[in-house]
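Reading through the structure tokens given below for one structure.
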Amino acid sequence: MKDVFIAYARPERPIAEALAKIINDRGHSTWWDTDLLAGEDFNRVIQDRLNEARAVIVIWSDLSVKSDWVLAEAGYAARLKKLIPIIVGSLNPKDLPIPFNVYQTHIFNQTDKTSVEALLRSLSLLIRRRVDAEDAVPSAEIPPAEQPRPGQKEISEELEKPWVFVSHVDVDKPRIRPFVEKMLESELTVFIDKPAKLGLSKKWVGSPNLKYIRFFDNYRMAISRALDRSGCVLVFWSKESVQTERQIFWDEIEFGSVNGFLVSTMIDDVISGASKIPKGFGFSQANIADLTSNEALDNDFEWVIADIRELLQGYRSNFHLPGKKD
């Protein structure tokens, strides 16, 4: 087991190498992809090392924010509560992708002693916490879980239940209402901002399965936290959404795509119509649900819900890695 996993984009190899030496000199062990052996299953090794590491340092740069591999590794580390992000080069912190733009991030300069020491303090603290947690209860002595009282949900089950994040534009809210209600009827936990504008039936108002941004929440931070709790991003494509200039909409879709849990539906013809999904998203008629007809709610949306359930089922165990390291 290595203490620290280093995630980086290939052009930042010299920085990763220098960082590994700094960490090793402080007495912590490191792993990065130079330790891969010929013939090993790359995806499996990466996932195993991420699981084993006590901390994951992600090197953010102008290049790594565009790397599917680095984004996937960072997302996985964040879910495991072991992410330590650092910024190198000229990258502006405002340009970090959702949800990583709300994490406390070190501005790292390997020649600046203050910068190095600040990172090492954070790293040592995280490693110490995780070691203490590992030693607190030996695996052989873990007591059996307390049985819940009748009518009481197991707290751990509730906390682990992933959400369905609904990505859309506000003008489409009345049109997607029946689909949101269908998900709630299916006992899925749904996150959608400003649900009051949906015009939901009264029985769904105040439902514990309906998550939303409260009036006192920081909007971008609330969106980031919701994405972090979600095991599926469900996007509703329409003539309006494919043309929206709201960057957060595109960030939500990219987050779902990078993590391998994006489900696409269209409520307008955005495949062959005048308004089309922008190039670069790789969607086709074969992998987008057509919800443009009146029969969509009881037909196509049934298999959309089936797809969502499959994603949520594998939320804790599956790790999406792109096919090729950048």
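Could you tell me whether VAL56 is at pLDDT 90 or above and closer than 14 Å to LEU123 by Cβ? Here the answer is yes, as VAL56 does meet what is asked. Residues in the range 76-91 include at least one that is in a loop (DSSP other than H, G, I, E, B), β-branched (Val, Ile, Thr) and at pLDDT 90 or above.
Considering only the range 62-75, state which residues are in a loop (DSSP other than H, G, I, E, B) and surrounded by fewer than 21 Cβ atoms within 10 Å (Cβ to Cβ).
Of all residues in the range 62-75, those in a loop (DSSP other than H, G, I, E, B) come to 62-63, 67.
Selection gives ASP62, LEU63.
Would you mind stating whether ILE192 is assigned by TED's automatic domain parsing to the domain that holds GLU254, among the aliphatic types (A, V, I, L, M) and at pLDDT below 90? So ILE192 fails the test.
For the residues ILE59, ILE98, the requirement of being in contact (Cβ under 8 Å) with a residue 60 or more places away in the chain and within 24 Å of GLU252 (Cα to Cα) singles out ILE98. Only one entry in PHE236, PHE179 is outside any loop (DSSP other than H, G, I, E, B), assigned by TED's automatic domain parsing to the domain that holds ARG309 and in contact with a Ser or Thr (Cβ under 7 Å, 6 or more places away or on another chain), namely PHE236. Hey, any hits in the range 210-226 for a residue that's in contact with a helix residue (DSSP H, G or I) (Cβ under 9 Å, 6 or more places away or on another chain), among the aliphatic types (A, V, I, L, M), buried (at least 21 other Cβ atoms within 10 Å of the Cβ) and at pLDDT 90 or above? No: the range 210-226 contains no residue that is in contact with a helix residue (DSSP H, G or I) (Cβ under 9 Å, 6 or more places away or on another chain), among the aliphatic types (A, V, I, L, M), buried (at least 21 other Cβ atoms within 10 Å of the Cβ) and at pLDDT 90 or above. Do we find that LYS94 is under 24 Å from the mean Cα position of the chain (by Cα), surrounded by fewer than 21 Cβ atoms within 10 Å (Cβ to Cβ) and over 26 Å from GLU52 (Cβ atoms) in this structure? Judged against the criteria, LYS94 is a match.
Do we have any residue at all in the range 200-217 that's within 27 Å of GLY314 (Cβ to Cβ), in contact with a Ser or Thr (Cβ under 7 Å, 6 or more places away or on another chain) and assigned to a strand (DSSP E or B)? Yes: one or more hits. All conditions but one from (1) modelled with pLDDT of 55 or more; (2) loosely packed, with under 15 Cβ neighbours inside 10 Å; (3) within 22 Å of LEU83 (Cβ to Cβ) apply to LYS113; the one that does not is (3).
Of the listed requirements (1) hydroxyl-bearing (Ser, Thr, Tyr); (2) at pLDDT below 85; (3) surrounded by fewer than 19 Cβ atoms within 10 Å (Cβ to Cβ), THR244 misses just one: (2).
Would a scan of the range 41-50 turn up a residue that is in a loop (DSSP other than H, G, I, E, B), modelled with pLDDT of 90 or more and over 15 Å from the mean Cα position of the chain (by Cα)? The answer is no, given that none of the residues of the range 41-50 is in a loop (DSSP other than H, G, I, E, B), modelled with pLDDT of 90 or more and over 15 Å from the mean Cα position of the chain (by Cα). Considered as a group, the residues in the range 276-299 that are crowded, with 18+ Cβ neighbours inside 10 Å and at pLDDT 50 or above include one that is nearest to ARG10 (Cα to Cα), and that residue is ILE277.
The values are calculated or read from the model by the stated rules, or taken from the named source; none is laboratory data. Every value quoted in this text rests on a predicted model; they were computed, and no experiment measured them. Quick reminder, even Gly has a Cβ in these numbers, built from the backbone with ideal geometry, and neighbours come from all protein chains shown.
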